[in-house]
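Report on one structure; see the data block that follows.
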Amino acid sequence: MVSIRLDKVTKRFGKVVAVNNVSLEIEDGKLYVLLGPSGGGKTTTLYLIAGIYKPTSGRIYFNEKDVTDLTPAERNVGLVFQNYALYPHMKVYDNIAFPLRLRKEPKSKIDSKVHEVAKFLRIENLLDRYPHQLSGGQQQRVALARALVKEPSVLLLDEPLSNLDALLRVYIRAELKRMQQDLGITSVYVTHDQSEALAIADKIVVINKGIIQQEGTPEQIYENPRNVFVATFIGNPPMNIVKGTVLEDGTIETTGSRLTPPPAVLEKIKRLKLKNILMAFRPENAVVSEHPMEGRFSPMGDLFEVEPLGRDAVVTVTVGEFVIKVVMPTREAMQLRIGSKVHVNIDPSTIKYFDPNTELNLEYIEA
Amino acid sequence: MMPETTDVETINRRRMNLALGIVVLIASIPILVTYFILMASSFANQMITGSMVGQLTFTLKNWILFFEGKLTVASAAVYSTWDILRYIFNTFIVAFGVMLVTTALATMAGYACSRMKFKGRKFLIQLLILLHAFPGVSLIIAVYALYIFSKGPIPSQWWTLYAFIYVIVARAALEIPMDIWIMKGFFDKVPWEVEWSALIDGASRIKVWKDIILPLVKPGIAAVAIFSFIAGWGALIYVLVFLPPTEKTLATYIAGLLAGGSLEVVHLPVVAAAGTLYLLPTLIFFSFVRRYMLQTSLSGIKG
């Protein structure tokens, strides 16, 4: 049972700062997802935990034991690479047995362990095949088996699903989550796919530009993003952002409509002396209609496009300079006429307010 | 009836292959014909030329003459059978020597150029191509001077051995730059992740290189082995310059037959037999390593 702690870890490659002063605590037995755009530093962070990269500064601890200067093998981590990195010249059995053979374990023990993990991942019938004879999903399982067979203290997964086709991805995602829970193994999972992260994570760590943007449960990340980056990265489509002007009377005006923010927000606006404010809301927290609705904040715009996605449709409305996407039932959406004037009726209680200068969510600013 | 339609993007494979085959065949005719004449002549009573096809008979006489060390039917033996066998053996020594030295060094240096960070790496890699472009002959004076200097402290009874080692190393040195380049290309294709994977599994750097990386670059090693074997097998000038006059290889033996007016004296089918023998190992060796050259197995690694 292992918890991981990164203490002010920085990694530079020449002039590029890939990971910038990151401190992070990963709880024992939990599945943490490092989420962010490519080049954001999430894979580098994973490799730092694995020991493939050595931090430029900062320390890494496993259970309060400093492992910063230990090799990957000494840290006893299992790592599944995006490209699986199977040994192409070895049969599946030998691929899985490789780490055990290096530990010079007795043959009978190796054999039983390989069969055990193969059975667990349902690849027993593939043991005497070569990697190139397997499908992508099977190769992925072999890579996972090879990582798990040495009973690692930490399981690290680098975009393990990104080479699978979309349908398979959804299945294996659920299996991975189940497997991780059954084994209770501390896991770190890197992905750029926010829906994958929301689906499997115990905790999500959003990383961009080498800095942790937000850390929290999927609900916290989704419901209450800490800054504009997280708000516009998570969700499909992500949050809509509308810029507003704070008026003398404490209301916010945007594209001809007015909104009275909750007292707590207003107080913070006053304390921070904000003239402008960014408002963000989720596409599913608004409805597009021909007439404004009671109890809603309803700026007016032009209906640009309706994309039916089965039960729901994505409705795109241009409101002044802003492009707003709303998710609503297809049946209602199809009643609307493209190009007509419509109202975007936003549930005011779901609106999040951001400081336009720091792009921070006002709720996260200590008042 | 509608004519059969084909996809615009798809080239008709069969017709394409047929066309390619015909082009390759036509282009190879001069080479194939010359090799055929050479090999057939070694089993004929006289050199095969167009006008005498009717008078040809099959004979093993040329091969017997060759191994007896005779150059013409009538004359006495110029070389002994023992000499001929020794020349063949010498050729193998030089060829395998060059092959081993080149393959070993190019494999290790190629790995370093592909994987390791060191100062001047980029410059060195560019220099390799330049080095390859230098003709070996232009270096011969310097290489010879070095030979004379380095031979000094060595007792004279070891000079023949030293000459062999020197030829092998000098000839290998000419091959190595290009082969490092080839090996670097093969190492470059092996993803880092495979190496990391093995390191995480607990293997040492050496073990990773030996058990994981080398098997993946087998085709490269095979290619380099072939090229350097052929280079050593056909080495002429360096062998001529450094080996004592009593030691020949097949290349210098044949060259000797053709040089200095002896061409008019020798029975040409005997030279054809020598030439055929000179060709054989390359063909055999090639057919051995060919299957490694074609075996590119980097699957199981997606990316």
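Key figures
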| read-out | value |
| --- | --- |
| Region A:241-272, subset closer than 11 Å to A:Lys352 by Cα and in contact with a Ser or Thr (Cβ under 9 Å, 6 or more places away or on another chain), residue most open to solvent (accessible area, probe 1.4 Å) | A:Pro262 |
| Evaluation of B:Leu216 against (1) closer than 19 Å to B:Leu283 by Cα; (2) touching a Pro at 6+ places or on another chain (Cβ under 8 Å) (one fails), failing number | (1) |
| Hits in region A:142-157 - residues which are facing another protein chain (nearest Cβ under 10 Å) and surrounded by fewer than 23 Cβ atoms within 10 Å (Cβ to Cβ) | A:Pro152 |
| Of the criteria (1) over 30 Å from the mean Cα position of the chain (by Cα); (2) open to solvent by less than 30 Å² (accessible area, probe 1.4 Å); (3) basic (Lys, Arg), which one A:Lys275 fails | (2) |
| Candidate set: region A:64-79, residues that are at the interface with chain B (Cβ under 9 Å from one of its Cβ atoms) and part of a strand (DSSP E or B); chosen: the one surrounded by the most Cβ atoms within 10 Å (Cβ to Cβ) | A:Leu79 |
| Qualifying positions in region B:59-108 - closer than 22 Å to B:Leu128 by Cβ and open to solvent by 30 Å² or more (accessible area, probe 1.4 Å) | B:Leu100, B:Val101, B:Ala104, B:Leu105, B:Met108 |
| Only listed residue being closer than 28 Å to B:Lys210 by Cβ and either within 11 Å of chain B (Cβ to nearest Cβ) or surrounded by fewer than 22 Cβ atoms within 10 Å (Cβ to Cβ) (or both), chosen from A:Tyr47, A:Tyr61 | A:Tyr47 |
| Filter result (facing chain A (nearest Cβ under 9 Å), open to solvent by less than 50 Å² (accessible area, probe 1.4 Å) and of a type outside the set (D, E, K, R)) within region B:181-198 | B:Pro191, B:Val194, B:Trp196, B:Ser197, B:Ala198 |
| Test: residue in region B:203-213 that is closer than 30 Å to A:Ala73 by Cβ, open to solvent by 20 Å² or more (accessible area, probe 1.4 Å), touching a Phe, Trp or Tyr at 6+ places or on another chain (Cβ under 8 Å) and within 14 Å of chain A (Cβ to nearest Cβ) | yes |
| Any chance B:Ala255 is touching a residue at least 60 places away in the same chain (Cβ under 8 Å) and assigned to a helix (DSSP H, G or I) | no |
| Region A:84-105, subset more than 7 Å from chain B (Cβ to nearest Cβ) and more than 16 Å from A:Leu127 (Cβ to Cβ), residue surrounded by the fewest Cβ atoms within 10 Å (Cβ to Cβ) | A:Lys104 |
| Residues (surrounded by 22 or more Cβ atoms within 10 Å (Cβ to Cβ), over 9 Å from the mean Cα position of the chain (by Cα) and part of a loop (DSSP other than H, G, I, E, B)) located in region A:193-225 | A:Gly210, A:Pro225 |
| Strands (runs of 3 or more DSSP E) wholly inside region A:288-367 containing at least 2 residues that are among the acidic types (Asp, Glu) and free of Cβ contacts under 8 Å to residues at least 60 places away in the same chain | A:300-309 |
| Given (1) farther than 24 Å from B:Ile254 by Cα; (2) surrounded by 12 or more Cβ atoms within 10 Å (Cβ to Cβ); (3) more than 18 Å from the chain's Cα centre (by Cα); (4) at pLDDT below 90, number of the condition B:His132 does not satisfy | (3) |
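The values are calculated or read from the model by the stated rules, or taken from the named source; none is laboratory data. All of these numbers come straight from a predicted model, not from anything done at the bench. For neighbour counting, all protein chains shown are included, and Cβ atoms are generated from backbone atoms with ideal geometry for every residue, glycine included. Just so you know, the surface numbers come from the protein's heavy atoms only, side chains and all, with ligands and any DNA or RNA stripped out. Shrake-Rupley method; radii C 1.70, N 1.55, O 1.52, S 1.80 Å.
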